[in-house]
Amino acid sequence: MERKGTSFVVFDTVNRLTGGMRENDADGMGEFIQAIDIVRETTDATALALHHTGKDVSQGMRGHSSLA
């Protein structure tokens, strides 16, 4: 199938797009991931969600583990 239209979508940033939702909340992050999946599946595009590390980089990303 020839791909037409959108091929790459960048979500910049997770924090900004979740409207102040708690990043550690499994249900909220699950909804966010589902929303990205809908965009990805609808457009047949690759999706990239930018997410910042926490203040202590050695502890990895902040937020729920579903974001990893």
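Take the residues in the range 29-45 that are open to solvent by less than 60 Å² (accessible area, probe 1.4 Å) and either out of contact with any Ser or Thr (no Cβ under 7 Å at 6 or more places or on another chain) or of a type in the set (Phe, Trp, Tyr) (or both), then tell me which one is farthest from HIS64 (Cα to Cα). Per the criteria, the residue is VAL39. Of all residues in the range 1-26, those satisfying the criterion of being surrounded by 10 or more Cβ atoms within 10 Å (Cβ to Cβ) and not hydrophobic (A, V, I, L, M, F, W, C) are THR6, SER7, ASP12, THR13, ASN15, ARG16, THR18, ARG22, GLU23, ASN24, ASP25.
Beta carbons closer than 6 Å, at least 6 apart along the sequence or on distinct chains, pair a first residue in the range 42-55 that is part of a loop (DSSP other than H, G, I, E, B) with a second that is open to solvent by 40 Å² or more (accessible area, probe 1.4 Å) and not basic (Lys, Arg) for ALA45/THR6; ALA45/SER7; ALA45/PHE8; LEU50/ASP12; HIS51/MET61.
Annotation: of all residues in the range 56-68 being open to solvent by 70 Å² or more (accessible area, probe 1.4 Å) and within 16 Å of VAL14 (Cβ to Cβ), the one that is nearest to the chain's Cα centre (by Cα) is ALA68. Write out, first by first residue and then by second, each pair whose Cβ atoms fall under 8 Å of each other, whose residues are 6+ apart or on separate chains, and whose first residue, in the range 4-27, is more than 15 Å from MET61 (Cα to Cα) while the second is among the aromatic types (Phe, Trp, Tyr) and part of a strand (DSSP E or B). Listed by first residue and then by second, the contacts come to LEU17/PHE11. Scanning the range 46-55 for residues that are more than 14 Å from LEU67 (Cα to Cα) and surrounded by 11 or more Cβ atoms within 10 Å (Cβ to Cβ) yields a count of 1. Scanning the range 27-55 for residues that are more than 13 Å from the chain's Cα centre (by Cα) and modelled with pLDDT of 85 or more returns ASP27, GLU41, THR42, THR43, ASP44, ALA45.
The values are calculated or read from the model by the stated rules, or taken from the named source; none is laboratory data. Given the structure is predicted, the values throughout are model-derived calculations rather than measurements. Every residue, glycine as well, gets a Cβ built from its backbone with ideal geometry; the counts of neighbours run over all protein chains shown. Ligands, DNA and RNA are stripped out before the accessible areas are found, and what is left, the full protein with its side chains, is counted by its heavy atoms. Shrake-Rupley method; radii C 1.70, N 1.55, O 1.52, S 1.80 Å.
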